[in-house]
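For reference, the structure is listed below as C-alpha cells.
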Amino acid sequence: MSKPIEIAVVGHTNAGKTSLLRTLTRHSDFGEVSEQPGTTRHVEAIDLKIDGVSAVRFFDTPGLEDSTTLLDYLRALENCTTPPDRIRAFLKGPEASGSFEQEAKVLRKMLEVDAAVYVIDTREPVLPKFRAEIETLTWCAKPVMPVLNFVRHNDSRKNEWLDALSAYNLHAYVQFDAVAPFVGSERELYQSMAIMLRGRRDQLMQVIEDLEFQFQERRSAGCQVIAELLVDMTALRREISREDLEIEHKKKAFIRDFRNIVLKRARRSIDDLLLVYGFRKEDADEAVLPWLDGRWEADLFNPETLRDASKKLGTGAAVGAAIGFAADLALAGLSLGAASAIGAAIGGIASQGWGQFGRTLINKARGIEALTLENEVLLVMAEHTLNLLWALEQRGHAAMGKVAHQRQTPQEVNEKLKQLIEAVQPARSHPDWESTNRGKYSEYAQRSRFIHEVTDKIKHVVSSRTGDAYSQTPESAG
C-alpha cells in the first residue's frame, strides 16, 4: 500500500473532532474528550490500519478560537498573490507564535495534509466566527469535507449550516454523529474523499472494502457469542438425587448453584459482546449492568418477564413466581422458573425431544432428578443479548453516556426469535455440549457445527431488523 493518506480534522473548539476520530478509528481512549473548551492543545496523529499497515493518518488539531480576528489579520497582509500565500506569510510571522498560536498549528497542518475534515456542531448558530473559519480553511487550497455533527439534536440548525457551506462552494457534506453514527456514514465519508482525492481513489476504496469486512466480522463474532450462550444454556443439565431433593437446604443450595451457573455464563457473554465491539464494562448502562454484576437474576427470573416470553413462544404456560418442582418429574425433568405451573413442564417435553425424555425416565428409575433451563428463560437471554448487539452496532466510540439498551423488540423480530429458540432445542439431548462439560472430540466437533448453524440463524434475525446495515446511507448531498 502507498504511504498513508493524511487528513487533518479541524473545526471550532468543542465541535467534536476528537470524538469523531475515536469513532472512525474505534479507539475509545484516543485523546481527551470533555465539555470544557480547548481540550486539545496540540496536533495528535492516529492511524487507521489495514492488515497492520497505515492506510489513513488522521491529525487531531486544536480548536479554532479567534478566527474572525485572524481573518482580518490575513486580509491585511501585503505582497501576497494568492490566499495560500497569505497563510504561508502568516506562519512565518511573529503572530503565529503569539496571539494566534493555536490557529497557526491548525493552518500549518492544513498545508501539509492531503485533505481536511471540517467538523461542525450544528447546534450552534452560523455566527460570523464560523464563516471566518470556513473562509480561512479554504484559503489553504486543500479539499475540505464538512462533517455535520449533532444533527439529531432538537436544536440542530442543519439547514442554516448547509446554506452557509454552499456560499463557500462546499456543497458535499456528510452527516456523522460521532456518538451514534448514522448507518453508512463512515462509508460515505471515504467515498466523498475518493471523489476529492482522485489520485488516492483506489486506496480509499480499499479502506471502504476493509471497513465493510470488519463490520461483517464483528457482526459474525457477536452472533457467535450469542449462539454459544444459547447452546450452552439449552444443553445445561444438572442432576440431584431424590434423597437430597427431600432435604430442604440441599434443595435450595442446588437451585442456587444452578442459577449462579446461568448468571455467570450470561455475564461472560455480555463481556464478550462488549469486547467484540471495542467497548468496556463501564460503557454499559443500568439495563445491562445487572447482567455484569449479578443483579440480572431480578430480570432474568422475573415472573412478568417470563410470562411475556411465554406469550411470545405461544406455549400458554403460566410461569410461577419462584422455582419449584413439577409434580411428575418424569414429564420433562426439573423446570427452572415454572414453580407450581405443571403446564410449563408439560409444554417443555414436546420441544426438548425424546432423547431427554428417555433419559429422564431412566434417571427416575435410578432415583435421580434433573434441572434444565426453560425456553422462556432462553428467549429472554436471546432477546436481551440481541438488543445489546443492535445497540453496540449503532454506538460511536466517543459516546460519553451509557449503552442505550432497547427493551422493545419489533413484532417482526419476535417470530424469528421464537424460531431461534426452536432451532437450539437439539442441544437439550447433548449435555456434553455445555462449555463447562465438554465431552469427547466427536461430540465437540458436532457441537461446533451446530453452533455455526445457530450463528447463521442469529445473523438472519439481526439482518431482519437492520437490513444490510453497512450499505445503508444517511441523507446526504454532493
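The values are calculated or read from the model by the stated rules, or taken from the named source; none is laboratory data. Every value quoted in this text rests on a predicted model; they were computed, and no experiment measured them. Neighbour counts run over all protein chains shown; Cβ positions are idealised from the backbone, glycine included.
When the criteria are applied in full, Ser448 meets the requirement of being of a type in the set (Gly, Ala, Ser), at pLDDT 85 or above and loosely packed, with under 13 Cβ neighbours inside 10 Å. Under the condition of being among the hydrophobic types (A, V, I, L, M, F, W, C), touching a Lys or Arg at 6+ places or on another chain (Cβ under 8 Å) and under 19 Å from Gln102 (Cβ atoms), the residues counted in region 48-63 number 1. For Glu32, the requirement of being modelled with pLDDT under 95, surrounded by fewer than 22 Cβ atoms within 10 Å (Cβ to Cβ) and either within 22 Å of Phe150 (Cβ to Cβ) or out of contact with any Phe, Trp or Tyr (no Cβ under 9 Å at 6 or more places or on another chain) (or both) is met. Note on region 391-428: residues that are modelled with pLDDT of 85 or more and in a helix (DSSP H, G or I) total 12.
Could you check region 66-119 for helices (runs of 4 or more DSSP H) lying wholly inside it with 2 or more residues that are farther than 14 Å from Ala132 by Cβ?
Because the criterion is at least 2 residues that are farther than 14 Å from Ala132 by Cβ, the helices (runs of 4 or more DSSP H) in region 66-119 that meet it are 83-92, 101-112.
Return yes or no: is Arg219 modelled with pLDDT of 90 or more, charged (D, E, K, R), under 30 Å from His430 (Cα atoms) and surrounded by 15 or more Cβ atoms within 10 Å (Cβ to Cβ)? Yes; evaluated as a whole, the condition is true for this residue. In region 109-122, the residues that are free of Cβ contacts under 8 Å to residues at least 24 places away in the same chain never reach a residue that is hydroxyl-bearing (Ser, Thr, Tyr) with C-beta atoms less than 6 angstrom apart, at least six apart or across chains.
For region 56-73, the tally of residues that are at pLDDT 90 or above and either under 28 Å from the mean Cα position of the chain (by Cα) or surrounded by fewer than 22 Cβ atoms within 10 Å (Cβ to Cβ) (or both) stands at 11. Of everything listed in (1) at pLDDT 90 or above; (2) in contact with a helix residue (DSSP H, G or I) (Cβ under 7 Å, 6 or more places away or on another chain); (3) within 30 Å of Met145 (Cβ to Cβ), the single unmet condition for Gln224 is (3).
Yes/no per residue for (1) in a loop (DSSP other than H, G, I, E, B); (2) free of Cβ contacts under 8 Å to residues at least 12 places away in the same chain:
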site: Asn154; (1), (2): yes, yes
site: Leu162; (1), (2): no, no
site: Ser192; (1), (2): no, no
site: Gly199; (1), (2): no, yes
site: Gly222; (1), (2): no, no
site: Ile255; (1), (2): no, no
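Scanning region 233-284 for residues that are closer than 28 Å to Ser220 by Cα, surrounded by 13 or more Cβ atoms within 10 Å (Cβ to Cβ) and at pLDDT below 80 gives Gly278, Phe279, Lys281, Asp283, Ala284.
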